[in-house]
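No value in this document is a laboratory result; all are computed from the given coordinates. Small disclaimer: the values here were computed from a predicted structure and weren't measured. Note: ideal-geometry Cβ built from the backbone for every residue, glycine included; neighbour counts use all protein chains shown.
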């Protein structure tokens, strides 16, 4: 295996420093203030339906003393963001000012700068898409803060920060809740472990396996294999780790393996590697073997179905989203022939959108639904969330939000009710 690229979500500490400022009306810092004018800051990120964005910045200012919030405005600091790709191909890179929409103190007394962010908004993303590779990559983020007005403490002293130092770690609590692992065969994966007491009388927890899309695999020709984009590119895996999902499943492990390429490139080879990881998780945790579920989008939608053909008795339910069964690209043999689809015995609920221009929903999702015995299907007209219309291929957004329903039963509740027989 090629040596992975050495990269950081954020540049090493010491980058993003702004020079000391000389502000009108601000006296020189007292000798006992000198150690307090160097402040670290952390980029806080959130995974939106369309991918992860930096949504706020926390300045480590509590140690400066009690800050008077009345003296903080959106003009106190300005923020500049520069993002570069670890692969030397332009991939959503940017170099621009971020808009500060609000300033507040958190419970610790640290200053938090809220940043403008929204679906489809450029300049805040943590990922870039390298079209020539068909892959998302983590961008190297370099933020520069500039102070334009002094910080007033409650004792009426004023503080001017001489140096801002960027924390090398990105704070994204939902992502950080997943631990990082590598299987014996070298495949990377992330794992969410539930909290609290199991609801099952036998004490076993369900296990949900999320298989990512093609854009979240590795790019080994570049030595890039991050175990990050599987969680940051969309809410596919994260959705199952939310409090809502955890209540529905009674506390579930959520497993997100990362392919070394794309699942569709060699599904038969990847199937046993995924099975190996599932077996490792079962051995290391109290898993209810009758409640193992598989779901995935696009490439992962294909792989979800492929797993149920290779291991027909392993899963209690399967949720393939905008998956592929025909040849891709067109002209070759089908990825999953009808003879295999017809033998799938795992309860399956397929999801896609009719306006998907990446994977033909009729030739793939609708066709698979017609062939897989007893399968369910939800076909949307468009992919719209909170008023924002996404590309039709992004129907995984609905599964990540427990939106699909049939006769009043939503997809997570349906999954949770399935047990292997």
Taking Cα atoms, the helix 299-310 axis meets the longest principal axis of the chain at an angle in degrees (rounded to 10) of 40
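For the pair residue 355 and residue 119, what calculated FRET efficiency results from E = 1/(1 + (r/R0)^6), where r is the Cβ-Cβ distance and R0 = 22 Å, to the nearest 0.05? Mind dumping the intermediate values first?
Numbers: r = 17 Å, r/R0 = 0.78.
With a Förster radius of 22 Å, E is 0.80.
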Crossing angle, helix 267-284 versus the chain [Cα axis fit, 0-90 degrees, rounded to tens]: 70
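Please work out how much length the chain gains when fully extended from residue 391 to residue 37, using 0.36 nm per residue of separation minus the C-alpha to C-alpha distance, in nm with one decimal.
Full extension of this stretch gives 122.8 nm more.
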Report the extension gain between residue 157 and residue 74 in nm, rounded to one decimal, defined as 0.36 nm multiplied by the number of residues separating them, less their alpha carbon distance. 27.8 nm
Which of the three applies to segment 276-421, rounded, prolate or oblate, going by the alpha-carbon gyration tensor with a ≥ b ≥ c and a/c under 1.5 meaning rounded? oblate
Value of [θ]222 nm, deg cm²/dmol, for the chain, DSSP H segments ≥ 4, -39500 (n - 2.57) each, nearest 500: -4000 deg cm²/dmol
Projected label distance in nm at residue 283 and residue 406, using a 7 Å step from Cα toward the beta-carbon: 3.7
Using alpha-carbon pairs under 8 Å, 6+ residues apart, how would you state the relative contact order of segment 151-298 in percent? 32
Under the classification rounded if a/c is under 1.5, otherwise prolate if a/b is larger than b/c and oblate if not, where does segment 318-382 fall, given a ≥ b ≥ c as square roots of the Cα gyration tensor eigenvalues? oblate
Where Rh denotes the Kirkwood radius from the mean inverse Cα pair distance, what is Rg over Rh for segment 174-417? 0.93
Please list 176-186, 151-161, 128-138, 353-363 highest first by mean number of surrounding beta-carbon atoms within 10 Å per residue. 128-138, 353-363, 151-161, 176-186
Which of rounded, prolate or oblate describes the chain when judged by the alpha-carbon gyration tensor and an a/c cut-off of 1.5? prolate
Take the alpha carbon atoms of segment 374-388, find their center, do the same for segment 127-204, and report the distance between the two centers in whole angstrom. 30
